[in-house]
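Following: one structure in structure tokens, then a few remarks.
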Amino acid sequence: MTTAAIRTSGLTKRYGHVEVLKDLDLEVTEGEVLGYLGPNGAGKTTTIRLMLGLIGPTRGRAEIFGLDSHRQTVDAHRRLTYVPGEASLWPSLTGFETLHLLGRVRGEVDLPYRDELIGRFDLDPSKKVRAYSKGNRQKVVLIAGLMARPDLLILDEPTSGLDPLMEQAFRHCIHEAKERGQTVFLSSHILSEVEALCDRVGILRAGELVDIGTLADLRHLSALTVEATFDGSVPDLTRIPGVSAVEVEGRVVRCQVAGDVEPLLKVLAFSGVHELLSREPSLEELFLSHYGAGSGDEGVPSDAH
Amino acid sequence: MLTEASGEHLLEVQSVPALANRAVEPTAPPGRFQTLAVAHATARKAVRSGVILGLVVGLYVLVQAFSYTSTYKTSAERAKLASTLTSGGLSPLVGPARQVQTVAGYTAWKCLMALTIIGAIWGLLTATKLLRGEEDSGRWELMLAGLTTRRRAALQAVLGLGAGWGALLAVASAITVAVGRASAISISAPSMLFFSLSVASSAAMFLGIGALTSQLAASRRQAAALAAAALGVSFALRMAGDSSPALGWLRWASPLGWVEELRPLTSPQPLALGLIAAFSLSLLAGSVYLAGVRDLAASVLPAKPGSRPRTALLSGPVGLAMRLTRATTLAWLVGIATMAWLLGSETKVAVKALQDSSSVQKALSRLSGTSGQAKVYLGLSFVIVALLISLLAIGHLTAARKEESSGRLDHLLVAPISRSVWLASRLLLACAVVTMAGVMAGVVAWLGTGHGHDGIGLSSMADGGLNTAPPAICLIGFGALAIGFVPRWTSLVLYGVLAWSFLVELVGGLGLTSHWLLDTSVLHHMRAAPALAPNWTSGVAMIAVALTAGALGIAAFGRRDLAGD
């Protein structure tokens, strides 16, 4: 059995009476790119801070390459780098000095790759952090995370503040990392980014992992979107088993079908369908289907630092 | 603030939540609260600290006034004290003693200079925090996104600072007037009000200086350093002005000297208030003007946007800490060296004045049967150096805590660096700096005496300087405990312990307290070296306490969650 890059079991974090993360069981295999989705306050950053040992679990454990992230923190950190979504850096240092410092404390840096990344991300490293825009500060932490070429990259909304060109550069870097066999844990709000980069996606809601799998798995298990245009009157589809979210607009009906589609097809076959379209849900629809109603995030404290 | 234009009330400032509400209820008229959002936000913070400072002022006056009446009960005793204190010597440090045979005169002499300096420090810290600090944090930008301009927002913030100053004046006045009504004290309410106003006037001037440096500098730290430098120069000028009648004119070159010239409780000269008010208002008006003409987050003084990389120190947490704290530490070392030099150079004058007074000689000789008067004077004066060095230690600890609360520490702790190594290295760096500062102060004071005076040797002065380090190291230990167990209270705990120690020393100096109470002061365990030989056993004990506290703090820091503000 190979060692997982990340393994959590029963990982729970409670602040006062509020459980921010509940019994998280998660495994990320080596070389995998896992997308970690969830709305604000769902517990994404808390999960990452627990994995990094910056906060301790109320119960359960998190392992990085088999090392307990709470008890063997330093050894675990030798295998990873972390890119936060909000880059709080030392304002009096220049970009280059910051990269130098973070490289030295990390221990291993691929210097030619660092210089290449500075070019790719179009960063002026001679400027002081104080003078950088939010996007440029984010570039500094991204380069710092990537330049060490670690076994595991933990990224918490890493492209916040980046323009589309830079986001493309970021995606290119993650593809490269994947080709090199590096593992990536990507927490993000940008669904297209997750869709483009990740092998599997985990969806977190109110501190609970509500779904995890490949996009194909998730789509297969989720409802199919059907759009039918009728010649004449529109039949009532709301009573058909498995059909939900029925929307009628003139002679066009849109609905979701979960499970067996046969009952719906039988009704449509005798209702004068002029045009029939069906497609698998996008990641956005999958995401929204989990949060659409009663996500229950209210009252969960922000898990930001 | 509402202004009239074309017969309509215009909304000048509206908070971000207020804008949100407006979207929901477009017809809702803005309330007075909303239009003064910046002033209100600033005032809320300024008033809180202003009330605390007002309490400190009131309590200090209460303690000093009552301890005088209980210690010097008869007219003869008071006359004797007056003859010794008015003979000079100590006036460069605490100002001239006038009418100290009266409770009013003694209270003014004992309290005015100390409270003036405390008020000035409050003023510069409050102004730089609530102006430049808010800008550095990005919160100011949110305020400016409302229906306001940079200049109007700055004006409102200045009004908020004014509210804090008003709270300070109100609380200090209420307590001092109540103290004055006590039969044993019997100082009229107008006199106490004028005294409170005198103390608060230094706070007003340094609120103005802090507001101005907030516009000149590129960061809060730089703004506070500039304002602190202004305070240092002001104190040095006042000190020089009080050291000899020939230099008396120098007092008029120093804001602290102007406060002294108000002469509250003895021979009030309210005219100097005009100068103070004009100075404060000019600075505040200037800062509002500059806030309007400079860009957000920019500085009036040119700031270099970039520089050639200097990576010599950037190899790990210790080097980073040295790099980040070196400018502030250097400023503190210059300040401490200046103070030590002044104390040293005052020695001859002070000793001459003390030799004129047999009673003071007798009182001071109890400190040491064999020490010369110069050593006694320096031994007593070095409490000030110990205080400054303790403040330097607190600065290092709060800077370490700031690394954590700002999230910057995350970058180091996700590398293969353990928390204990990081905190221990910051603590050791702080210990090294305070020890170096102590020895430096001793040596510089020795140089200030003119390479020794009255048999003062270089080694005894270096020992005297080193003697100030253990209380600061003890504070560093307490700081580690606070960081480990109550991180969000670190600053409060450290300043609280130092303020408590200083208060106990003040009260204890008058023989009013028990041995148990005195033992709670970190400063009490420091002998008045070089008047007395340093008690190294006590020093080692304090370091042992610091080591234990440090180890506990480091262990707790390793186990707890990282915590923001």
The range B:292-335 versus the range B:414-447: alpha-carbon centroid distance in Å: 19
Cβ neighbours within 10 Å from other chains - mean over A:123-133: 3
Among A:224, A:24, A:197, residue whose mean-square fluctuation peaks in a GNM of chain A (springs only between Cα atoms under 10 Å): A:224
Mean Cβ count within 10 Å, highest first, over the residues of peptides B:514-525, B:380-391: B:380-391, B:514-525
Reference-scaled alpha-carbon Rg (2.2 N^0.38 Å with N residues) for the protein assembly as shown: 1.16
Mean projected area in nm² (Cα convex hull; one quarter of hull surface) for the range B:447-565: 9.3
Given charges at beta-carbon only (K, R positive; D, E negative), |dipole| of chain A in Debye: 1180
Qualifying trypsin sites (Lys or Arg not before Pro) for the range A:113-205 [loop in DSSP, other Cβ within 10 Å: at most 11]: A:180
Förster radius 22 Å - calculated FRET efficiency between residue B:267 and residue B:514, Cβ distance, rounded to 0.05: 0.05
Kirkwood-type radius of chain B, with distances r between different C-alpha atoms, in Å: 25.3
For the range A:6-213, diffusion coefficient by Stokes-Einstein and Kirkwood Rh (Cα), 4 °C, 1.567 mPa s, µm²/s: 75
Estimated inter-spin distance, residue B:486 and residue B:541, nm [label 7 Å along Cα→Cβ]: 2.5
Per-residue mean of C-beta atoms belonging to partner chains within 10 Å, peptide A:72-85: 3
Close Lys-Lys pairs in chain B, where close means Cα under 17 Å and separation is 8 or more or interchain: 8
Most to least packed among B:471-482, A:98-109, B:432-443 [average Cβ atoms within 10 Å]: B:471-482, B:432-443, A:98-109
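What is the local net charge at residue B:81, summed over the other residues whose Cβ is closer than 12 Å to its Cβ (Lys, Arg +1; Asp, Glu -1)? Can you show the working numbers first?
On the way: positive: B:73, B:78, B:80, B:110; negative: B:77.
Net local charge, residue B:81 excluded: +3.
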Neighbour-count order for B:40, B:396, fewest beta carbons within 10 angstrom listed first: B:40, B:396
Reachable lysines, given that their alpha-carbon falls under 22 Å from the alpha-carbon of residue A:13 and they are not under 8 places away in the same chain: A:22, A:44
Nearest-0.05 FRET efficiency for residue B:186 and residue B:76, computed from C-beta distance (R0 22 Å): 0.70
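I'd like the per residue volume of the convex hull spanned by the Cα atoms of the range B:50-201, given in cubic angstrom.
112
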Viscosity 1.567 mPa s, temperature 4 °C, Stokes-Einstein D of the range A:1-91 from Kirkwood C-alpha radius, µm²/s: 94
Per-selection metrics, the range A:192-277 (Cα): Rg and Dmax in Å: 16.1, 47
Potential lengthening between residue B:151 and residue B:178 on full extension [0.36 nm per residue; Cα-Cα distance subtracted]: 5.7 nm
Span-rule helices in chain B, defined as complete DSSP H runs reaching 20 Å or more along the axis (Cα) with Kyte mean at least -0.5: B:37-71, B:103-128, B:150-181, B:189-216, B:220-243, B:271-293, B:317-355, B:373-405, B:419-448, B:469-485, B:490-508, B:536-559
Estimated FRET transfer efficiency when R0 is 30 angstrom, pair residue B:559-residue B:334 (beta carbons, to 0.05): 0.15
Magnitude of the charge dipole, the protein assembly as shown, Cβ model with Lys/Arg +1 and Asp/Glu -1, debye to 20: 4160
Distance in nm between pseudo-label sites at residue A:133 and residue A:275 (7 Å out along the Cβ direction from Cα): 4.1
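What do the square roots of 5 times the Cα gyration tensor eigenvalues come to for the range B:325-565, in whole Å, largest first, as semi-axes of the equivalent ellipsoid?
36, 19, 13
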Principal axis box of the range B:181-338, alpha-carbon based, largest edge first, Å: 64, 38, 37
Most mobile listed residue (A:166, A:147, A:51) in chain A, GNM with C-alpha springs under 10 Å: A:166
Extreme residue, positive dipole direction of chain B, given options B:193, B:471, B:145 (C-beta unit charges): B:471
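Run the numbers on chain B and let me know its relative contact order in percent, using alpha-carbon pairs under 8 Å that are six or more apart.
13
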Fluctuation leader among A:135, A:250, A:145 - chain A, Gaussian network, Cα springs under 10 angstrom: A:250
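Only the coordinates and a few stated rules stand behind these numbers; no lab work does. What you are looking at is a predicted structure, and each value in this text was computed from that prediction instead of being measured. Quick reminder, even Gly has a Cβ in these numbers, built from the backbone with ideal geometry, and neighbours come from all protein chains shown.
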